[in-house]
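As structure tokens, the structure follows; a few thoughts come after it.
All of the numbers you see were taken from the coordinates with simple rules; none came from a lab. Remember, it's a predicted structure, so these values are computed and weren't measured experimentally. Cβ atoms come from the backbone with ideal geometry, glycine included; neighbour counts cover every protein chain shown.
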Amino acid sequence: MQAENPGFFYATEGDSEHCGNVFWTDATSRANYSYFGDTVRVDTSYRTNRSKIPFITFTGINHHAQPVLFGCALLLNESDNSFIWLLQTWLQAMSGQSPVSITCDPDRLIQMAVAQVLPEARSRFCRWSIFRQTQEKLSNVYQTNSTFDFEFQKCINEADTVEEFESCWATLLGRYYLMDNEWLQSLYNIRDQWVPIYLRDVFFGELSTVEHSDALSLFFDGLLSTSTTIQLLIKQYEKTISSWHEKELKDDFDSSNTTPVLKTPSPMEKQAANLYTRRIFMKFQGELVETLANPATIVDDSGTVITYRVAKFGEEHKAHTVRFNAFEMKATCSCRMFEFSGIICRHVLSVFRAKNVLMLPPEYVLKRWTRNAKTGVGESEPDSAFGLPSNSQDSPIVRHKICAKRL
């Protein structure tokens, strides 16, 4: 494989007498990291609750909100040191550039390794893994109460404030007589590591908390089983990568060669249609249309920063606060959607509308979501042909750190 792919990278842990651990990645995966390495998912669940194969994937999300691969591993010998070795090796293959955020399974070994190897990255537990574990731990509750799953996920995914989550959680436990349940109590104790409302100050590239954001961990689902050999795994690996690459190329073509239907006469909507990929534009368009039902009301105009209250008609109790700096033409919202997903929210757009801001300021357009996401990064670097990340300001990781400081 390395002869066919000069950017192929692999490493082993162990010796010739003992079957050891293997990590590998290729030029495409390494290039993907230079464009989309701001948020990473480390999926170790194949070894526990799916195929029972010690197969681990490093994935991200591209400009079409599709999964992209950053590397794979077979961890035949699992230990603290092995997981540390794995993360160190992966980081080396990515030229030592740590992601902004990382999502992993609620597993002690991987949690410890992430804390040691990637201390600068904001880490969280994959809540869809937690949902699966909850179904196992509370199987009797799920079987006897058909509404529990819906209410549980709604409580986690749709809370707009910490107070709303706390109230919803207490109500849920009371309704189903689970106040003393040890599993739910353990989840509550680590709520700041997996419940979205506690994590919205950091970019995780999540366009919707309601969608199955764990789709990245399903990258190889259906291709692995307990009978899968290493030889077959390699073949399936290549087919899967090729399939996803074809999907990306199709979406690239559609985004560049078709015109989306505009729903407003707003110059900002037309600007966004020309900047974003189709999937991301649809998300932005939905937020823009919602400004019609979310008026902005001034609550404080005593200085350079004007404070607005933005609420949907009929849902005034769920208002958000937007602070707008008229001098710098910058706004921040209490919903923190932009920080979490990289897409500007309806609340800020409502304020822009009230202030006659007709075009999106450049700091609110993340390059990683645009049609040109793959231009500029590492073009002047000698290793760019192998997909090695650049430390230039075009790197999404560097850009996120700069944006965080500015906002």
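Observations
- With Cα atoms as the point set, the radius of gyration and Dmax of segment 259-376 evaluate to 14.2, 46 Å.
- Taking θ as phi - 60° and the Karplus parameters 6.51, -1.76 and 1.60, the scalar couplings of segment 355-370 work out to 9, 6, 7, 8, 10, 5, x, x, 5, 9, 10, 6, 4, 5, 9, 9 Hz in sequence order, x denoting glycine and proline.
- When each of the peptides 317-323, 197-203 is scored by how many other beta carbons lie within 10 Å of its residues on average, the order from highest to lowest is 197-203, 317-323.
- Only Lys, Arg, Asp and Glu carry charge here, each on its Cβ (+1 for the first two, -1 for the last two); on that basis segment 246-376 has a dipole of about 160 debye about its Cα centre.
- Calculated FRET value between Ser256 and Thr12, using beta carbons and R₀ = 51 Å, to 0.05: 0.80
- Charge dipole (debye, nearest 20) of segment 65-161; +1 at Cβ of Lys and Arg, -1 at Cβ of Asp and Glu: 60
- Built from the Cα atoms of segment 66-217, the convex hull projects on average onto 10.1 nm², one quarter of its surface area.
- Most positive-pole-ward Cα, Phe327, Met359, Thr375, against dipole of segment 293-375 from beta carbon charges: Thr375
- Packing-based ranking, highest mean first, of 62-68, 251-257 given that Cβ atoms within 10 Å are counted: 62-68, 251-257
- Around the Cα centre of segment 131-193, unit charges on the Cβ atoms of Lys, Arg, Asp and Glu (plus for the first two, minus for the last two) sum to a dipole of about 260 debye.
- Remark on segment 131-193: ratio of C-alpha radius of gyration to 2.2 N^0.38 Å is 1.05.
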